[in-house]
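Trainee: This is the structure I have questions about; it appears just below.
Each value in this text was obtained by applying a stated rule to the coordinates, not by laboratory testing. Model, not experiment: these values are computed from the prediction. Neighbour counts run over all protein chains shown; Cβ positions are idealised from the backbone, glycine included.
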Amino acid sequence: MELYCKDCKFVYEAPRCPSCGSKHGTPARGGDLCFLTEKEQIWSGMLSDVLEQNGIAHIRKNLLGAGLTVSIGLGFERVSFFVEYKDLARAREIVEELFPDGDADGQ
Ligand SMILES: [Zn+2]
């Protein structure tokens, strides 16, 4: 059974949340907002588009925020994506298809 960590919004199979180590996860439910992935700003628009095309509602959260990106540049900004648990499996497949290497970094 997949468990959901309220603090990190992580869905995981292991006994502990991989992000914070908490063992107090609860069974994930359809409406839980779940962490999907984190992408660089330049890829986040594309991912947003494809999720929308597939009818998957999602929330984006910029990691650094506007204040910081002004000084260090948008290229360093990373965006976290959250989707509802009922869409998580589909959304993960979409991420896999778009980013088969797991991450767009390092090229
Ligand atoms: Zn956690």
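Trainee: Which of the aspartates and glutamates could be linked to Lys9 by a straight reach, that is with a Cα gap under 18 Å, when you skip same-chain ones fewer than 8 residues away?
Mentor: Within the straight-line cut-off, Lys9 pairs with Asp32, Glu38, Glu84, Asp87.
Trainee: Using amide H atoms built 1.01 Å from N in the peptide plane, name the residues 5+ places from Asp32, or on other chains, whose amide H lies under 5 Å from its own.
Mentor: For Asp32, the qualifying residues are Tyr85, Lys86.
Trainee: Which lysines, on any chain, are close to Lys6 with Cα under 18 Å apart, when same-chain ones fewer than 8 places away are left out?
Mentor: Lys23, Lys61, Lys86
Trainee: Just order 77-85, 42-50 by mean Cβ neighbour count inside 10 Å, highest at the front, would you?
Mentor: On the way: 77-85: 18.8, 42-50: 15.1.
The most tightly packed comes first, giving 77-85, 42-50.
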